[in-house]
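The values are calculated or read from the model by the stated rules, or taken from the named source; none is laboratory data. On a predicted model such as this, the values are computed, not experimentally measured, just so you know. Ideal geometry is used to build each Cβ from the backbone, glycine not excepted, and the neighbour counts take in all protein chains shown. Quick note on the areas: whole protein, heavy atoms, side chains included, nothing else; ligands and nucleic acids left out. Shrake-Rupley method; radii C 1.70, N 1.55, O 1.52, S 1.80 Å.
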Amino acid sequence: MKGYDSIQHVRGESVFIDDIKAPQGTLHAYVVYSKIAHGVLERIDTSEALASPGVHSVLTSSDVTGENQIGSVIADEELLAAHHVHFIGQPVALVLADSKINALRAAKKVRMDITPLQPIFDPREAYEKGSLIMPEKIFTLGDTESAFKECDIIIEGKAESGGQEHLYLETQSALAIPSEGNGIKIFSSTQSPTAVQKITARVLGLPMNMVEVDVTRLGGGFGGKEDQATAWAALAGLGAFVTKRPVKLVLPRQEDMRITGKRHPYSSDYKIGLKKDGTILAYEAVFYQNAGASADLSPAILERTLFHCTNSYYIPHVKAKAVSCKTNLPPNTAFRGFGGPQGMFVIEAAIRKAAKKLNMDPVDIQHKNLLVEGNEFPYGQITEYFYLKRSFEHALEKFSFRESQKRIAEFNASSKLVKKGIAVMPICFGISFTTTFLNQASALIHIYTDGSISVSTAAIEMGQGVNSKVRNVVAHTIGCNHNRIKVDTTNTSRVANTSPTAASKGADLNGFAALHAAEALFDRLQKVAAAELGVTEEKSISIKNEIVYSGEQQTQLTWEQLIWKAYTSRVSLSSQAYHATPDIHFNKETSKGRPFAYHVTGTAISEVTVDCLRGIYEVDSVKIVHDIGKSLDPMIDRGQVEGALAQGIGWMTSEEVIYNQEGRLITDALSTYKVPDIYAAPKEIIVEFLEDVPNPYGPLKAKAVGEPPLMYGIGTFHAILNAMSAYKDDDFEIVSPITHERVLMYLHDSK
Amino acid sequence: MDAHITFYLNSDLIDVTINPSITVLDFLRGEKHLTGTKEGCREGDCGACTVLLGSLTPAGSINYKSVNSCLLPIAEVYGKHVVSIEGLNDRELNLIQHSMLTEGGTQCGFCTPGFIMSMTNYFINNPEPTLEKGIAALDGNICRCTGYAGIKRALENVISRWNSRPIKTGSHVSQLIASRLLPGYFAHAEQFISTIPTLQPSAPAPRFIAGGTDLFVQQWEALLTTDVSFINHQNKESIRETDIEFILPGNTTVEEFISHPGINSYLPGLADQLQLFGSTPIRNRATIAGNIVNASPIADMANILMALGATIELQNGTSRRTLPFEKLYAGYKSLHKDPEEIISSVIIAKHQGNARLSYEKISRRMHLDIASVNSSLFIRTEGNSIVSARLSAGGVGPIPMFLEKTSEFLNGKEISASVMHSAIELVKTEIAPITDARGSKEYKQLLLCQLVKAHFIKLFPELIPVEEVV
Ligand SMILES: Cc1cc2nc3c(=O)[nH]c(=O)nc-3n(C[C@H](O)[C@H](O)[C@H](O)COP(=O)(O)OP(=O)(O)OC[C@H]3O[C@@H](n4cnc5c(N)ncnc54)[C@H](O)[C@@H]3O)c2cc1C
Ligand code: FES
Ligand code: FES
């Protein structure tokens, strides 16, 4: 809990990339990018920039020593544009100078001639023109066509969800240092050190073993540094490789916002069919994903939209299609939830519209159709250890939902201009990388002869507390004190072939790997202790808080003695272990399988107040019952729920990504792109963890926590619409974010 | 041209010759390698760079304010005490640090030093802290990880520990030290800085910097190579109140304006509304003249002063002239003012009798944001009739606008919903909003109409039935 990291955070002593004292001779890099959304790059003129004070060199695509290609899933993204530019913000040149300011000044002097081509920004237009990242994907269950004939009502509609800027407080950054024998060491702010290593090696034309990547921590990632930290590390690496000097690249905020991709905006159509009693029989949806100019992680994100297109509901007949549309915007990328939220957004919209048509309370439709143990998802997996209904009913009861509804109705009856609203949001989120092979991790533990311990895993610490969790697992397994253990930096030379810290899987995968490594060490220590104490039954040895027990009997053997004994007996005090999530598989051809180790579920109730005169709102409370399994660290898990919720609310309310007609981002600074501040966050957040729901598929029976609570924010969106409908009985369009502007226009614009 | 600057940084005397326009953020991180102060945005919008700036008061104590070091030129800290997160560190964690740790107030940690600085500033200035005001003190800090819940718990925890502190006697600073909210050297901080010789004003240069909260957002790089002069170095006077007027020196900060007792009793409620101006650290630096000269169409102080019918006094060397506020703006970002002229003061006349101001501001996010549209209505009444009205609006044209026709129309009218509706029709003819990052032109027009309604409902609840507004 009181993590080493956190102690340094509150003292301002935590070291982020820009805080590393740069070695002597470090060059500072500045990225020059395209100001045209689509065009032919005719010429780059660097002469004036080269003459600028302090400039060492200006690199362009022709300086790339290996392959000028950084696409990780599909090879469709150049590090530096060579002949074409595909979005405003696409890197074209890299200025290297002796100071940040000199690099910045010189960057303004790089000239480029670009002959514009026709750009596309709208995903539906891209679809019509056949501009796709990959072939469309379809998930089906049952037979929607015949099921619609059985329905009492059928509703069709459209739903739009906007993009979202990650706004990690630490911008993208990397420091590359040339190492002996033409190698490179890179300190990177990445969720994916192996991606950085692999791509940098490719760009430089080196084998992977010549590129070492080291990550201490991230000042926030949220998916934005899963695939998109790579370019900056590779650019710094290229600079260092070419100049033989250290190179630091820290994107200024505005550049980071302009250049890097965001959560994918989606435009979707849905068709839902129900019986009169609210039972959902059939659901069809088409999702148009705005992928931006290259694939990035869009294919996997698209797939997750389909995985979560029915959210928490059992629907016997489903047909969902998703297309990844290529446009001339920065490549959109992973963001907490990874396409899942966009899928859930649409079904929730469909349910509200259906409720209105059926004159029912949406909560009753939600309740009636909740997934229960033994139900089948559209991708073929069957629910197991499934407590969704319990959380839903518990939330309604514990937080007096019906009474709140009544209280709100009374308030609204007597208040003309200020209205309150309420909405319930159940969530169901699958845990595992849906790209099955990524579900692996390894860990390396050393016990040093003084009894101190170093643990390395593939996990990246970015505020989600994975280091504390890994430490808990190791301390719990070996029986030593927490303060003995240092969770080391994530380093590709210590732990190789790492999967990104993503998909909420960081603590699961690496916790398991650390658990196995710690178990192996513990076994050895048991043997050493048994020999030393003359105990024949070595399994009767246990260690708790560094006290060695023989059966129930406390012994005199100290931790230090035990470790020294092991060392001098020539017993290895290092252990490397590996974990692969068992029992998961997915057939990409049939789109069926068991892709997830388990599901995380929960229910949130949002209450809001809308000032209908001014078109503004406040989130009064969000009350949550959440299934976390057996928490590895309740304080961390609570923080994850609260933080994800606020991000989800931001996505649904005030965070609006706006590009102008030329494809230039106009919300490119914190002054125009508004994430929740302390007032916009809910005034009250209650998080209750469902008790007694151990998860057999998690380390020490825990569940993942990072992403799922973000989707509770969708409930806040509907609470706002609920309040608005008390002012004006209308069928509001489903467009997120529901900004102040949209609220006021919906309520008062006569059009 | 480099300047010689002397100040205290934490417990160290700093004496440097340096470019006066370099920001304190760059100085701390680049020159001193004190990297606890973070750069999150470089435009005053995230608070990761927050430091404390302590100035000696005439009474000989130090008055601390939280400020954004990314917008603070180093010349401004001459003779002052700058405190960064490193200056709060003791061997053990202090009470705020400890509470942030145990209550989950920190996740990735990037925003954390900034929050701790803002909280510290709050406790330094408020011997009787409350949760609500404490939250308000964090209005300039953004956290992307925690959802603020853990930070609020931490604040609550510090407040309750402070309230139950064993030692409640002695100076406030000594109690803060005893309660482990400040390190011991704060007891002598005023002695440090009182030894620094007073600053000799530099030669005037054509570019004035006041609070720097506008200039350093866009132009920090150009300012490094521009000859500048610092308005605050010339003189720092207080607001003066006479029977007939308030005289605000040009470099009055927004904070000084809203905490002035006379202004608060003349314009009740305005101070609360102006919590929507920027953030605490921005209000601590932003000046009224800077707001006026910046000439942003959505400048909040300009909007209010316009409605109040303020007079501007301009000074160039020894020559002075005055100008009614609405005569100042010529067009987008252009003023009827010579570049050499400074705004020496702004005069607000006091009206006797029934005079009231309503000020409304709506933005994408209500706090720490610039308005989409703002509006002020200053109205004098006798019984149910309007003696005179002045309506201003921002965000609906190229400059902060005085809506002359509407104001004239209202003069002499009986207050009623139908008068209000007629006024709104006139408003529409006086404005020309454009679509930008803060909203579409249709929205801005609608919003202004709604804000005019809000003025009337707020000022005359008994005369404007809500049914007739909707
Ligand atoms: C994060 C953030 C939030 C903000 N929020 C708001 C807001 O809510 N509402 C709002 O209205 N503004 C806001 N601002 C804008 C800004 O803070 C204000 O306009 C402020 O009042 C500017 O004052 P200053 O002293 O800092 O100006 P400076 O930056 O010092 O100067 C601005 C201009 O005024 C000139 N100038 C300054 N003083 C004088 C003088 N005495 N005589 C002649 N010229 C002078 C300068 O030369 C310069 O051209 C915000 C800014 C930031 C960074
Ligand atoms: S760096 Fe963001 S406010 Fe200064
Ligand atoms: S803890 Fe990461 S931004 Fe606040």
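Looking only at residues in the range A:203-226 that are open to solvent by 20 Å² or more (accessible area, probe 1.4 Å) and outside any helix (DSSP H, G or I), the one that is nearest to the other protein chains (Cβ to nearest Cβ) is A:222.
The set of residues from the range B:449-467 being among the β-branched types (Val, Ile, Thr), facing chain A (nearest Cβ under 10 Å) and surrounded by 15 or more Cβ atoms within 10 Å (Cβ to Cβ) comprises just one member, B:457. When you scan the range B:207-237, how many residues do you find that are more than 14 Å from chain A (Cβ to nearest Cβ) and either modelled with pLDDT of 95 or more or part of a strand (DSSP E or B) (or both)? Selection size over the range B:207-237: 10. Look at residue B:45 and say whether it is more than 16 Å from ligand 1 (Cβ to nearest atom), closer than 20 Å to residue A:16 by Cβ and surrounded by 15 or more Cβ atoms within 10 Å (Cβ to Cβ). It is false that residue B:45 is more than 16 Å from ligand 1 (Cβ to nearest atom), closer than 20 Å to residue A:16 by Cβ and surrounded by 15 or more Cβ atoms within 10 Å (Cβ to Cβ). Assigned to a strand (DSSP E or B) and buried (at least 20 other Cβ atoms within 10 Å of the Cβ): does that describe residue A:271? Here the answer is no, as residue A:271 does not meet what is asked. Mind checking which pairs have a first residue in the range A:229-254 that is closer than 18 Å to residue A:206 by Cα and a second that is among the basic types (Lys, Arg), Cβ under 7 Å, 6 or more apart or different chains? If the second residue must be among the basic types (Lys, Arg), the pairs left are A:236/A:248. Looking at B:37, B:6, just one residue is in contact (Cβ under 8 Å) with a residue 12 or more places away in the chain and within 14 Å of ligand 2 (Cβ to nearest atom), and that residue is B:37.
Within the range B:139-158, residues that are more than 16 Å from ligand 2 (Cβ to nearest atom) sit with their Cβ atoms under 6 Å from residues that are of a type in the set (Val, Ile, Thr) and assigned to a helix (DSSP H, G or I), at 6+ positions apart or across chains, in these pairs: B:158/B:96. Looking across B:178, B:149, B:136, one residue alone is farther than 16 Å from residue B:64 by Cβ and within 16 Å of ligand 1 (Cβ to nearest atom). It is B:136. Based on what the data block shows, is residue A:195 outside any strand (DSSP E or B) and touching a His at 6+ places or on another chain (Cβ under 6 Å)? So residue A:195 fails the test. Hey, does the range A:282-298 have a residue that's surrounded by fewer than 23 Cβ atoms within 10 Å (Cβ to Cβ) and either part of a helix (DSSP H, G or I) or not assigned by TED's automatic domain parsing to the domain that holds residue A:675 (or both)? No, there is no match, as no residue in the range A:282-298 is surrounded by fewer than 23 Cβ atoms within 10 Å (Cβ to Cβ) and either part of a helix (DSSP H, G or I) or not assigned by TED's automatic domain parsing to the domain that holds residue A:675 (or both).
All told, residue B:203 falls short of being at pLDDT below 95, within 14 Å of chain A (Cβ to nearest Cβ) and either away from ligand 2 (no atom under 16 Å from the Cβ) or not in a loop (DSSP other than H, G, I, E, B) (or both). Only one entry in B:50, B:6, B:37 is more than 16 Å from ligand 3 (Cβ to nearest atom) and modelled with pLDDT of 95 or more, namely B:6. Selection of strands (runs of 3 or more DSSP E) fully inside the range A:565-616 by the criterion of at least 1 residues being of a type in the set (Gly, Ala, Ser) and more than 14 Å from every other protein chain (Cβ to nearest Cβ) returns A:574-580, A:592-594, A:598-611.
Any idea how many residues of the range B:389-430 are of a type outside the set (Val, Ile, Thr), on the phi < 0 side of the Ramachandran plot and open to solvent by 30 Å² or more (accessible area, probe 1.4 Å)? So the count comes out to 19. Could you tell me whether residue B:109 is at the interface with chain A (Cβ under 9 Å from one of its Cβ atoms), in contact with a His (Cβ under 6 Å, 6 or more places away or on another chain) and away from ligand 1 (no atom under 16 Å from the Cβ)? Here the answer is yes, as residue B:109 does meet what is asked.
Checking the stated criteria, residue B:124 turns out to be open to solvent by 10 Å² or more (accessible area, probe 1.4 Å) and more than 10 Å from every other protein chain (Cβ to nearest Cβ).
Condition check: basic (Lys, Arg), without any contact (Cβ under 8 Å) to a residue 24 or more places away in the chain and away from chain A (no Cβ under 14 Å). Does residue B:327 satisfy that? Yes; evaluated as a whole, the condition is true for this residue.
Looking across the range B:42-81, the residues that are within 14 Å of chain A (Cβ to nearest Cβ) and either at positive phi or not in a strand (DSSP E or B) (or both) come down to B:42, B:43, B:44, B:45, B:46, B:47, B:48, B:49, B:69, B:70, B:71. Applying the criterion of being crowded, with 24+ Cβ neighbours inside 10 Å and out of contact with any Phe, Trp or Tyr (no Cβ under 8 Å at 6 or more places or on another chain) to the residues of the range A:473-484, the residue that is nearest to residue A:560 (Cα to Cα) is A:474. Among the residues of the range A:617-646, those that are surrounded by fewer than 24 Cβ atoms within 10 Å (Cβ to Cβ) and more than 8 Å from every other protein chain (Cβ to nearest Cβ) comprise A:618, A:620, A:621, A:623, A:630, A:631, A:633, A:634.
For the range A:728-751, filtering for residues that are crowded, with 23+ Cβ neighbours inside 10 Å and in contact with a Cys (Cβ under 9 Å, 6 or more places away or on another chain) leaves 2. Does residue B:144 fit the bill of being basic (Lys, Arg), within 9 Å of chain A (Cβ to nearest Cβ) and open to solvent by 10 Å² or more (accessible area, probe 1.4 Å)? When the stated conditions are applied, residue B:144 passes them.
Scanning the range A:158-170 for residues that are touching a Lys or Arg at 6+ places or on another chain (Cβ under 6 Å) and either within 16 Å of ligand 3 (Cβ to nearest atom) or open to solvent by 10 Å² or more (accessible area, probe 1.4 Å) (or both) returns A:164, A:165, A:167, A:169. The criterion of being at pLDDT 95 or above, within 16 Å of ligand 2 (Cβ to nearest atom), open to solvent by 30 Å² or more (accessible area, probe 1.4 Å) and over 24 Å from the mean Cα position of the chain (by Cα) holds for residue A:100. When residue A:35 is tested against (1) away from chain B (no Cβ under 13 Å); (2) open to solvent by less than 60 Å² (accessible area, probe 1.4 Å), just one condition goes unmet, and that condition is (2). Of all the listed residues (A:414, A:400, A:391, A:404), the sole one being under 27 Å from the mean Cα position of the chain (by Cα) and modelled with pLDDT of 95 or more is A:391. If you scan the range B:127-141, which residues turn out to be open to solvent by less than 10 Å² (accessible area, probe 1.4 Å) and within 8 Å of another protein chain (Cβ to nearest Cβ)? Answer for the range B:127-141, where residues must be open to solvent by less than 10 Å² (accessible area, probe 1.4 Å) and within 8 Å of another protein chain (Cβ to nearest Cβ): B:138, B:139, B:141.
Looking for whichever is within 12 Å of chain A (Cβ to nearest Cβ), open to solvent by less than 40 Å² (accessible area, probe 1.4 Å) and without any contact (Cβ under 8 Å) to a residue 40 or more places away in the chain here; the options are B:25, B:93. Which one fits?
Unique residue meeting the criteria: B:93.
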